[in-house]
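A short worksheet on the structure shown next.
The values are calculated or read from the model by the stated rules, or taken from the named source; none is laboratory data. Source: prediction; values computed, not measured. With ideal geometry, Cβ positions are generated from the backbone for all residues, glycine too; neighbour counts draw on all protein chains shown. Heads up: the accessible areas ignore ligands, DNA and RNA and are worked out on the full protein's heavy atoms, side chains in. Shrake-Rupley method; radii C 1.70, N 1.55, O 1.52, S 1.80 Å.
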Protein chains: 2
Amino acid sequence: LLAGIGDDCAIWQPRAGHQTILTCDWFLEDTHFRVDRHPPESIGWKCLARAVSDIAAMGGEPRCFLLSLALPQSRTKTWMDKFLSGLRHASRKLHCPAAGGDTTRDSRVLISITVVGECRHGAAVPRSGAKPGDAIFVTGRLGEAEYGFRLLGQMSSARATALADDPRLRKHLHPEPRIPIGAWLAKRRLATAMMDLSDGLSTDLPRLCNASSAGAEIHAGSLPCVQIAAKGAKHPFDPLALALHGGDDYELLFTVAQRNAKRIPSAIGGVQLTRIGEITASRKIVLLGDDGSPRPLSNQGWDPFR
Amino acid sequence: LLAGIGDDCAIWQPRAGHQTILTCDWFLEDTHFRVDRHPPESIGWKCLARAVSDIAAMGGEPRCFLLSLALPQSRTKTWMDKFLSGLRHASRKLHCPAAGGDTTRDSRVLISITVVGECRHGAAVPRSGAKPGDAIFVTGRLGEAEYGFRLLGQMSSARATALADDPRLRKHLHPEPRIPIGAWLAKRRLATAMMDLSDGLSTDLPRLCNASSAGAEIHAGSLPCVQIAAKGAKHPFDPLALALHGGDDYELLFTVAQRNAKRIPSAIGGVQLTRIGEITASRKIVLLGDDGSPRPLSNQGWDPFR
């Protein structure tokens, strides 16, 4: 980054032998977060982390970001300081400095963030490369963010803020893009297709399959679900439904040729990698129960147009 | 552009020997445009053109853009088709293809656009290089966009749409970023500082002067004002006030070392270049009247926080 905030544009020096990866993401009050419920630090962290997750999903590494921010007058002081604190925290942790942006006034908090990343020439992993027979993997546990979101919805606003460090809320409030895992896979050219899980497996897997002109079979029993500490009480949420339809996890979904599947370790950097199914030629998305019985996996994840 | 819409990110191949230039811009319903007054084609054209103008202001050339678009249900059909038609028109005319974006639903039309451009290594022209004694130039005529905006405000909405090709409205509805002029200046390293005039000369000139730790004297009589066809009727707007404070012109403001000032032609590609004053050491922004009498030039351009 050669020049940043304060001029008409930021100037940035690309690395030789690399390609530039570009992504932009909305993060809007009332659509993606609520200012009366989500701590401002979390909004700052998450707006960058979720955009960086798209870079990780290509196997790339983030280099810098641009922030378009619109704020009401009432959010310009304490709220903005905390928001910026969360954003700076993510920026440092993800090695992704601010390059510039545009700020204006609005009646709601509106955020649009663009992230610029890089990957070695030809190493980017698209959604479209999955082939029938490929093994399907995911990182981490699925449904944890949705679980945290529902717990948050049952709390008072004050308690929600106080509980920002609660491990059950961490995935919802402070998701961590899987940059090292995406880069590890891209470097070894092990992933045939990859994307991040932002809207839930049942919504995102069909996207990867459509891009690859293929279908998939998922083994329900293999899904890495939320671990619920059963303290006697029956849990109100179904871990399988959370794993299938819960959004906002920002885990990676990727496919690996059958012959390479054994080269995928069980964890990278403390984050587990789980084989959950196979790509098929059928164009259908099928969920196999514990007894092997198939049922169609219907798209029930997040869709802003539904 | 190697891969675009449909994957997690766009992939883009930077040119050897070039630097990447990045800019992002808000364009929001009720703040920057009104959907009941501005033709959707104009909104589509202008959202890209005004962001590309920042690339032109660095002396760069646009390469691709990313669009974050939020729309109400009511704008998804005819309105969006016309919006996209205007956007495509700008994209072709400005040689700036779409690389990707993010779309969501909202109660208002929200647009955030990021443009990626390039310039030869070290050729980008910042705001900060102006030196006392440098001549100050502008492209085109100042105040034309504000003039068109005020005329539009006096028209019925139906008439405004019908008059999209009215030359008096053209600058407001279809501004043309001065890419060839910016690139011409950067290539010859003639401009010591440059920016685009988006918020009005009286607001933008202090920004260039602040970045350059300098001041300026502007000759009122030299300003290229709106040419008003006097058909007998007295015109209601003051051309000098329009030129000083009118926003949205997207002309270039640039400075040239005294010894090089004579190398600046009177026009490039049919767009006039006018010398309007000099950079001074004083840190003040002064307007010199026709009789040479100085008065401070107060900042009366567009400011979303005012």
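Of note:
- Put simply, the stretch A:159-215 fits an ellipsoid with semi-axes of 30, 17, 6 Å; these come from the alpha carbon gyration tensor as the roots of five times its eigenvalues, largest first.
- Nonlocal amide H pairs with B:Gly246, under 5 Å, H built at 1.01 Å: B:Leu201
- Alpha-carbon centroid distance for the pair the stretch A:92-129 / the stretch B:99-120, whole angstrom: 12 Å
- Look at the alpha carbon pairs under 8 Å that are at least 6 residues apart: their mean separation over the length of the stretch A:1-104 gives a relative contact order of 36 percent.
- Chain pair A, B: total accessible area buried, heavy atoms, 1.4 Å probe, Å²: 4400 Å²
- In this assembly of identical copies, the label point of B:Arg34 (Cα plus 7 Å along Cα-to-Cβ) is separated from its counterparts by 3.4 nm, sorted shortest first.
- P(r) tail fraction, the stretch A:235-306 - alpha-carbon pairs more than 21 Å apart, %: 43 percent
- For the stretch A:232-273, the alpha-carbon coordinates run over 42, 22, 18 Å along the three principal axes, in decreasing order.
- Annotation: lysines with alpha-carbon distance below 25 angstrom to B:Lys284 (same-chain offsets under eight excluded): B:Lys131.
- Taking all C-alpha pairs of the stretch A:93-219, those more than 26 Å from each other amount to 41 percent.
- Over 27 Å [Cα-Cα, the stretch B:1-137], rounded percent: 27 percent
- Burial annotation for the stretch B:74-102: residues with an accessible-area loss of at least 20 Å² between the isolated chain and the complete set of protein chains, computed on heavy atoms with a 1.4 Å probe, are B:Asp102.
- Based on the Stokes-Einstein relation at 37 °C and a viscosity of 0.692 mPa s, and on the Kirkwood radius from alpha carbon pairs, the protein assembly as shown is assigned a translational diffusion coefficient of 127 µm²/s.
- Taking every protein chain into account, the accessible area of the protein assembly as shown amounts to 41 square angstrom per residue (probe 1.4 Å).
- Ratio Rg/Rh [Cα only; Rh per Kirkwood] for the stretch B:24-69: 1.00
- For the residues A:Met155, A:Met195, a 1.4 Å probe over the protein chains yields an accessible-area ranking, largest first, of A:Met155, A:Met195.
- Database remark: amide H of A:Arg63 closer than 5 angstrom to the amide H of A:Val116, A:Gly117, A:Glu118 (H placed geometrically; neighbours at sequence offset of 5 or more, or on other chains; Pro and chain starts carry no H).
- Simple rule: put +1 on each Lys or Arg Cβ and -1 on each Asp or Glu Cβ in the protein assembly as shown, find the dipole, and look at A:Leu48, A:Pro296, A:Ile264; the Cα lying farthest toward the positive end is A:Ile264.
- Positive-end extreme of charge dipole, the protein assembly as shown - chosen from B:His245, A:Gln227, A:Gly277 (charges on Cβ): A:Gly277
- Measure of compaction for the stretch A:36-95 (Cα Rg per 2.2 N^0.38 Å): 1.19
- Here the protein assembly as shown is treated with +1 on each Lys and Arg Cβ and -1 on each Asp and Glu Cβ, and its dipole about the Cα centre works out to around 900 debye.
- Remark: the stretch B:138-231 carries a charge dipole of roughly 240 debye about the Cα centre, counting +1 on each Lys and Arg Cβ and -1 on each Asp and Glu Cβ.
- With kT/(6 pi eta Rh) evaluated at 10 °C and eta = 1.306 mPa s, and Rh the Kirkwood radius from Cα pairs, the stretch A:71-110 diffuses with a coefficient of 142 µm²/s according to Stokes-Einstein.
- 3J(HN,Hα) couplings calculated from phi for the stretch B:115-124 with the Karplus curve 6.51 cos²θ - 1.76 cosθ + 1.60 (θ = phi - 60°) are, in sequence order, 10, 9, x, 9, 9, 4, 3, x, 8, 4 Hz; Gly and Pro show x.
- Descending principal axes extents, the stretch B:175-278, alpha-carbon based, whole Å: 46, 31, 24
- Scaling the Cα radius of gyration of chain A by the globular reference 2.2 N^0.38 Å produces a ratio of 1.01.
- Over chain A, dividing the summed -39,500 (n - 2.57) contributions of all DSSP H runs of at least 4 residues by the number of residues returns a 222 nm mean residue ellipticity of -8000 deg cm²/dmol.
- Here the accessible area is traced with a 1.4 Å probe on the protein chains. For chain B, carbon and sulfur cover 50 percent of it.
- Hydrodynamic radius of the stretch A:112-154 per Kirkwood, over alpha carbon pairs, in Å: 14.8 Å
- Check: the stretch B:148-190 dipole with +1 on Lys, Arg Cβ and -1 on Asp, Glu Cβ, in debye: 340 debye
- Sorted from shortest to longest, the distances between the A:Asp290 label points of this copy and the other copies are 9.2 nm, with each point 7 Å from Cα along the line through the beta carbon.
- B:Ser157 label point (Cα plus 7 Å toward Cβ) to equivalent points in the other copies: 3.4 nm, shortest first.
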